[in-house]
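No value in this document is a laboratory result; all are computed from the given coordinates. The model shown is predicted, which means the values in this text are computed figures rather than measured ones. Cβ: placed from backbone, ideal geometry, glycine included. Neighbour counts: every protein chain shown.
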Amino acid sequence: MLKPRVWITLCCCVFVLTTVASAQSTRKPGLWETESSMTFQQSPLPPGIQAPPGSPFSGAPRTTQVCVTQAMIDKYGGPAVTPGRGDCQMTGISLTATGMTATMACTGQMAGNGTVSTTWTMGASSQTKVHFTGTMQMGPRSAPVGWTMQATSTYKGPDCGNVKPVADK
């Protein structure tokens, strides 16, 4: 007969596996819609200059559609912000049953470091926060930049239609 602590350990493992499996079943590959807004703690624009509407520097909310693949779910846990644009790499990715955290390092026109955290619910949605500080090349000059992005992603269905997955680096 097995000792009580072996049974307790076995039951805990089964509980954890069940929780992870049920949480992963809510993060589905397919089309996700992301609503995001960006707040600049330090804008790269010179003082007194305002960004035109529609510019990433305007801070206006944006809605985009993202095609999430099973590979993205396996690596990031779900529709997380992925380093598909620019020269950014995600490292220190830590997945849990309810979220993901990572660090981000970027080189190129926007160079610096950031943190990424995503939480997902049993419904087909997630909340992401990215905080970044660094410098941005603005023509011949380099300007300090600091921003925070908040995003909510909602699952729309298994068919991505014309939306192509973001290339992962």
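Key figures
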{"quantity": "Estimated vicinal HN-Hα couplings, Hz - the range 107-116 in sequence order (Karplus 6.51, -1.76, 1.60; Gly, Pro = x)", "calculated": "10, x, 4, 10, 10, x, 10, x, 10, 10"}
{"quantity": "Integer Hz, Karplus 6.51/-1.76/1.60 couplings in order for the range 125-133, x for Gly and Pro", "calculated": "8, 8, 10, 10, 10, 10, 10, 9, 9"}
{"quantity": "Packing-based exposure ordering (other Cβ within 10 Å, fewest first) of Leu31, Leu45", "calculated": "Leu45, Leu31"}
{"quantity": "Per-residue Cβ neighbour rank within 10 angstrom, fewest leading, Ile93, Ile49", "calculated": "Ile49, Ile93"}
{"quantity": "The range 88-142: relative contact order in percent, alpha carbon pairs under 8 Å with at least 6 residues between", "calculated": "26 percent"}
{"quantity": "Karplus-derived 3J(HN,Hα), 6.51/-1.76/1.60, for each residue of the range 141-157, Hz, glycine and proline x", "calculated": "10, 10, 10, x, 9, x, 8, 10, 10, 10, 9, 10, 10, 10, 6, 10, x"}
